[in-house]
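Asker: Sharing a structure here in structure tokens format.
The values are calculated or read from the model by the stated rules, or taken from the named source; none is laboratory data. Predicted model only: the values in this text are computed from it and were never measured. FYI the Cβ positions are ideal-geometry reconstructions off the backbone, even for glycines, and counts take in every protein chain you see.
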Amino acid sequence: MPTKVAYQAKINYIQILNEQGKLDEKLSRGGLKDNDVIRLYEMMSLCRHYDEIAFKLQRSGRMGTYPQNKGQEAIGAVALAAQPDDWLVPCYRENTALFLHGLPMEHILLHWMGDERGNQIPDGVNVTPISIPIGTHMLHAAGIAWAQKLQGNDTAVFTFFGDGATSEGDFHEAMNFATVLKVPAVFICQNNKWAISTPGSKQSAAETFAQKGLAYGAHTIQIDGNDIFAVYKAAKDARAKALKDGKPTLIETLTYRLGDHTTADDARRYRDNAEVEEWLDRDPLIRTRKYLESKGLWDDAKQEAFDEDAKAKVSQIVKNAEGIAKPTTNDIFDYTYETLPEDLKRQRDTMKTHSLGINPQQETLRSPTGAASRV
Amino acid sequence: MAELTLVQAINLGLEQEMRADERVVLLGEDVGLNGGVFRVTEGLQEKFGEDRVVDTPLAESGVMGSAIGLAIAGMRPIPEIQFEGFLGPAYDQLVNHGGRYRTRSRGAVTVPLTVRVPVGGGIHAPELHSDSPEAIYAHHPGIKVVMPSNPYDAKGLLISAIRDPDPVIYFEPKRIYRAFREEVPEDVYTVPIGQARVVETGNDLTIVTWGATVYQALEAMDKLPDHLSVELIDLRSIYPYDLDTIVESVNKTGRCVIVHEAPRTCGFGAEIATAIQEHCFLRLEAPVQRVTGFDTIMPYYKLELDYLPETPRIVDAVMACTAY
């Protein structure tokens, strides 16, 4: 018997706006309009400032660990492809998308300042808190998308993760659940080449990360992730397909983490500067600005005015984040359950006494003079 | 009033809550067409359709993680994990996300979830089908843990769990799934989470247990000398648990034997014994005794009855405690 081909597939790659800021007119049709591009460029640039300031806050001891988003700002184009009621289920390098989808900018700083209120998403903003453990939140995205289907909503769910996350089992379970259950989810793998110090080549032997979606019967595409036009188009197409036939898409964006993994990392330990230099030329901000300039929509004067304004804005955001009163110790307890069990109330209430939360029963072991004999 | 087994009582509770609240959906491996491997969900897919009783791919983390997503988006999912031994792959999702979202988001994101899990030994099952991991989950903040021991409580606790705004693990002691029938009201009622039940009142010693071992304890009580008056407490909720009922009882009896199937070290009996010495120290006539599984791997079924806290061991412990 002759061998037959049981299955054959290919992965398409698209780039619409190249490194020189030149647009592929055909592919860009029906895509981002000029005012969208300006809006995106401004948010990307604002976030670059935000990143720099966040870095300095950490270095000066005013904030904990922070993961810079630098180089990956084009992901914000997903938010423009999303409808207001769509959900974004992020990792932690999608600041531009979250802010464009309505998350107030001080929330992310608050999170990294060690304050859970940074995750207290305002009502009406369909965003889940940034997810620190790698690759577990895509299952929540699958479930949220499933709920949209059951509730008859015309909304989609976009979830974001890195190349490293595709090695986690939950990535595969999320892809499998989403495709088998035919839910309106879009999976966006930001392949930024490095999972802390582990390069893509040690993460997977596959030629692309996008092809992992093939195994689950998902639509797949690989795109230039520093190209806002490609990100927008891929996200918009994926959204339409997911809502039309319930078939999720796995989008692999080729991008690059220009900064360290976090402020606790030093990428010079494991990667060549030459590689970084190469990617600096592909910076999404540079090419987007070139494009805007070529259309007469941006110039040095505008940039200067924008930068001044952005610095003031970020400074106000930092003020807001730092100005919030310290949470009370009650907050440690009060959100564990909707209604606190008696024992937790006891722990909470004794925490504020001289027993400092040690076992309440030991209160009775103290001498009447208050000379505590701690056991 | 119908006489129902534990399985039938759970099935009835599921049906009534699904009828009352269209946000309630069941998901898991084989829960739909097949009605679950123990047939707990039998007939529900026929009644409510494939959208509400969903056969999922075979992946426990996927079941738990997608259920968490459903809950975040306003549904009331009831995932089934086929056996407690398969909770392992779902542990990360349940503990690190299900139990933490409310705190992490300061109340903005909540996970009303009822995780149904058959639990415990005694049914001649293969490996990883007979464990008792309730203390592991009781240890994790943000999650509630219950384990009914009879059909009436099974329905009432289930309805409480489904209506609870936080994640609840609802352990079903599989050894007594069909062991007996009991009158279960057709009306909807709840058994509050966190409330123990005094099965028998007594003055000389308190036995605290939960799940299938309630019946081992009752059997043991039949074998005790007539003059011994034993109070039996069925904990029903492992977390939060009913400290007041235990304290009141032990302050009366001065003696306590705790019985559970799970291994001894860090079993939930350890927590109860600690609470008893904190609250009843001056009333105790004897050290608190524990009759538990051993700190070993649960054996395959030829030896499972040697592992489980069967009647003779409970009788021994009670006699030792009263003779102290």
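Asker: On the basis of being acidic (Asp, Glu) and over 11 Å from the mean Cα position of the chain (by Cα), does residue B:153 make the cut?
Answerer: The answer is no for residue B:153.
Asker: Let me ask something additional. Among helices (runs of 4 or more DSSP H) lying entirely in region B:267-324, which contain 3 or more residues that are more than 23 Å from the chain's Cα centre (by Cα) and at pLDDT 95 or above?
Answerer: The qualifying helices (runs of 4 or more DSSP H) are B:311-323.
Asker: Sticking with this one: Does any residue in region A:43-65 that is free of Cβ contacts under 8 Å to residues at least 40 places away in the same chain come within less than 9 Å, Cβ to Cβ, of a residue that is of a type in the set (D, E, K, R) six or more places away or on a different chain, and which pairs are these?
Answerer: Between residues of region A:43-65 that are free of Cβ contacts under 8 Å to residues at least 40 places away in the same chain and residues that are of a type in the set (D, E, K, R), the close pairs are A:52/A:70; A:56/A:62.
Asker: Within the set of pairs 6+ apart or on separate chains, which have a first residue in region A:220-237 that is in the same structural domain as residue A:191 (by TED's automatic domain parsing) and aliphatic (A, V, I, L, M), a second that is in a strand (DSSP E or B) and surrounded by 24 or more Cβ atoms within 10 Å (Cβ to Cβ), and C-beta atoms under 6 Å apart?
Answerer: Every condition considered, the pairs that remain are A:221/A:251; A:223/A:253; A:230/A:223; A:230/A:224; A:234/A:223; A:234/A:251.
Asker: Oh, and also: Restricting to region B:91-113, what's the tally of residues that are within 24 Å of residue B:18 (Cα to Cα) and among the hydrophobic types (A, V, I, L, M, F, W, C)?
Answerer: 4
Asker: At least 3 residues that are within 14 Å of chain A (Cβ to nearest Cβ) in each: list the strands (runs of 3 or more DSSP E) lying fully within region B:102-178 that qualify.
Answerer: B:144-146
Asker: Go through region B:28-58 and count every residue that is among the hydrophobic types (A, V, I, L, M, F, W, C), within 23 Å of the chain's Cα centre (by Cα) and surrounded by fewer than 22 Cβ atoms within 10 Å (Cβ to Cβ).
Answerer: 3
Asker: So residue B:262 ticks every box in (1) surrounded by 18 or more Cβ atoms within 10 Å (Cβ to Cβ); (2) within 14 Å of chain A (Cβ to nearest Cβ) but one. Which box is left unticked?
Answerer: The single condition residue B:262 does not satisfy is (2).
Asker: Hey, can you tell me all the residues within region B:276-314 that are of a type in the set (A, V, I, L, M) and surrounded by fewer than 21 Cβ atoms within 10 Å (Cβ to Cβ)?
Answerer: Answer for region B:276-314, where residues must be of a type in the set (A, V, I, L, M) and surrounded by fewer than 21 Cβ atoms within 10 Å (Cβ to Cβ): B:282, B:284, B:286, B:297, B:303, B:305.
Asker: Go through (1) in contact with a strand residue (DSSP E or B) (Cβ under 8 Å, 6 or more places away or on another chain); (2) of a type in the set (A, V, I, L, M, F, W, C); (3) in a loop (DSSP other than H, G, I, E, B) one by one and return the number of the condition residue A:250 breaks.
Answerer: Checking residue A:250 against (1) in contact with a strand residue (DSSP E or B) (Cβ under 8 Å, 6 or more places away or on another chain); (2) of a type in the set (A, V, I, L, M, F, W, C); (3) in a loop (DSSP other than H, G, I, E, B), the one that fails is (3).
Asker: Moving on. Please go through region B:180-193 and give me each residue that is in a loop (DSSP other than H, G, I, E, B), away from chain A (no Cβ under 14 Å), in contact with a Pro (Cβ under 9 Å, 6 or more places away or on another chain) and not charged (D, E, K, R), ordered by number.
Answerer: B:180, B:191
Asker: For region A:67-121, which positions are acidic (Asp, Glu) and closer than 26 Å to residue A:331 by Cα?
Answerer: Result: A:106, A:115, A:116.
Asker: Do you know which residues across region A:70-86 are surrounded by 20 or more Cβ atoms within 10 Å (Cβ to Cβ) and either under 30 Å from residue A:151 (Cα atoms) or without any contact (Cβ under 8 Å) to a residue 40 or more places away in the chain (or both)?
Answerer: A:75, A:76, A:77, A:78, A:79, A:80, A:81, A:82, A:86
Asker: Are there any helices (runs of 4 or more DSSP H) wholly within region A:107-208 with 2 or more residues that are touching a strand residue (DSSP E or B) at 6+ places or on another chain (Cβ under 7 Å) and more than 10 Å from chain B (Cβ to nearest Cβ), and if so which?
Answerer: Qualifying helices (runs of 4 or more DSSP H): A:200-203.
Asker: Let me ask you something else. Please enumerate the residues belonging to region B:200-241 that are aromatic (Phe, Trp, Tyr) and in a helix (DSSP H, G or I).
Answerer: Of everything in region B:200-241, just one residue is aromatic (Phe, Trp, Tyr) and in a helix (DSSP H, G or I), namely B:215.
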